[in-house]
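Take a look at the following structure, please.
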Amino acid sequence: MPESNNTKKGISDNSGKGIESTVDIFANRIARKLKQREVEQTESEKAAEVRHALILEGMTTIRKALQETLRINLGDRFALDLDIDDYKGWPRVQLLLLDSLAPEQLDHGIIVSAHERNEMGTIEIHLAGSRCLGRVHLTDRRDFEKLGLVVKKSVREFLDIISTYILNPVRPQDLIAQQTKALEASDEDFLAENLAEEDVFTEDFNKNDNIIVPQEEAPAVPTTHSQPLGNLDFSLTKEEEENGTKKKTSAFAHC
């Protein structure tokens, strides 16, 4: 029995309503997710702003604290110096021990740096080229209270280390020996680099040039003796004895 127009219309209306319902559900879900992401991004950005502000405030506090150490009198040979710069977009503060006899030798110092790895607002204090003295994560204002204790502990340890060096310094003659050795090592490295870049084998080099070709054995020098000397007769004839001359033998015929 053929379907009536009303039946077809009802099916079409139901299908349309089903699609509209699916679209509405999907649209609402997307809108909700986007709103949630926007809220999360806003919260993340706000948290990052808080961390960055705490980092800058913390580095400023540390710089002022380290400046106080510059008032310490270390004698004629040594002094402390404060260097401030940027490292990978973040402020960095270095407190260095200067030796007037070796101004380029900066082996003793503490380095304070900051970074945002893992979104933790980190400030680290290291000995120059060595171990970490302290670390603070500034995720909120409460963490900022730990910074003063970490800085004080690190500075005390650094001052203990350099006091030992200042009271028992390297002798000037030993410094000269160290500098000379460093220069010699630098010269050797320079020569090694130049040799590595040079083409030590010229284009007209022949691999056979270094091969020693054995010479042919020289022919033996012909002897004028037809028989061994032991078989020659060197006796004088009666006539030779009278004349005082030697007998001519075949062995000396060509002399």
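The values are calculated or read from the model by the stated rules, or taken from the named source; none is laboratory data. Computed from a predicted structure; not experimentally measured. Here the Cβ is made from the backbone with ideal geometry for all residues, glycine too, and neighbour counts use every protein chain on show.
Before we move on, is residue 92 surrounded by 13 or more Cβ atoms within 10 Å (Cβ to Cβ) and at pLDDT below 95? Spell out the reasoning first.
Numbers: surrounded by 13 or more Cβ atoms within 10 Å (Cβ to Cβ): yes; at pLDDT below 95: no.
It is false that residue 92 is surrounded by 13 or more Cβ atoms within 10 Å (Cβ to Cβ) and at pLDDT below 95.
Still on this structure: Determine whether residue 78 is over 29 Å from residue 171 (Cα atoms), in contact with an Asp or Glu (Cβ under 9 Å, 6 or more places away or on another chain) and hydrophobic (A, V, I, L, M, F, W, C).
On the way: over 29 Å from residue 171 (Cα atoms): no; in contact with an Asp or Glu (Cβ under 9 Å, 6 or more places away or on another chain): yes; hydrophobic (A, V, I, L, M, F, W, C): yes.
It is false that residue 78 is over 29 Å from residue 171 (Cα atoms), in contact with an Asp or Glu (Cβ under 9 Å, 6 or more places away or on another chain) and hydrophobic (A, V, I, L, M, F, W, C).
Still on this structure, please answer the following. For the subset of segment 121-146 comprising residues that are closer than 26 Å to residue 106 by Cα and over 24 Å from the mean Cα position of the chain (by Cα), which member is surrounded by the most Cβ atoms within 10 Å (Cβ to Cβ)?
Let us first name the residues in segment 121-146 that are closer than 26 Å to residue 106 by Cα, namely 122-136.
Filter once more, so that each one left must be over 24 Å from the mean Cα position of the chain (by Cα): 122-123, 134-136.
On the way: 122: 19, 123: 26, 134: 20, 135: 14, 136: 23.
Per the criteria, the residue is 123.
Quick check on my filter: what residues within segment 37-76 are among the β-branched types (Val, Ile, Thr) and either closer than 27 Å to residue 163 by Cα or outside any helix (DSSP H, G or I) (or both)? Give the steps one after another, and end with the answer.
Going residue by residue through segment 37-76, those that are among the β-branched types (Val, Ile, Thr) are 39, 42, 50, 55, 60-62, 69, 72.
Passing the criteria: 60, 61, 62, 69, 72.
Let me ask something additional. Please pick out the residue among 86, 81 that is part of a strand (DSSP E or B) and modelled with pLDDT under 95. Outline the logic, then answer.
Working: 81 fails: modelled with pLDDT under 95.
Of the residues listed, the single one that is part of a strand (DSSP E or B) and modelled with pLDDT under 95 is 86.
Checking residue 75 against (1) exposed (fewer than 13 other Cβ atoms within 10 Å of the Cβ); (2) of a type outside the set (A, V, I, L, M); (3) out of contact with any helix residue (DSSP H, G or I) (no Cβ under 8 Å at 6 or more places or on another chain), which single condition isn't satisfied?
Looking at each condition in turn, residue 75 falls short on (3).
Sort out which residues of segment 105-120 are buried (at least 19 other Cβ atoms within 10 Å of the Cβ) and farther than 23 Å from residue 44 by Cβ, and write them in order of number. Full working, then the answer.
Initially, segment 105-120 is screened for residues buried (at least 19 other Cβ atoms within 10 Å of the Cβ), giving 108-112, 114.
108, 109, 110, 111, 112 - these are the residues of segment 105-120 that are buried (at least 19 other Cβ atoms within 10 Å of the Cβ) and farther than 23 Å from residue 44 by Cβ.
Can you name every one of the strands (runs of 3 or more DSSP E) wholly within segment 98-144 that holds 2 or more residues which are of a type in the set (Ser, Thr, Tyr)?
none
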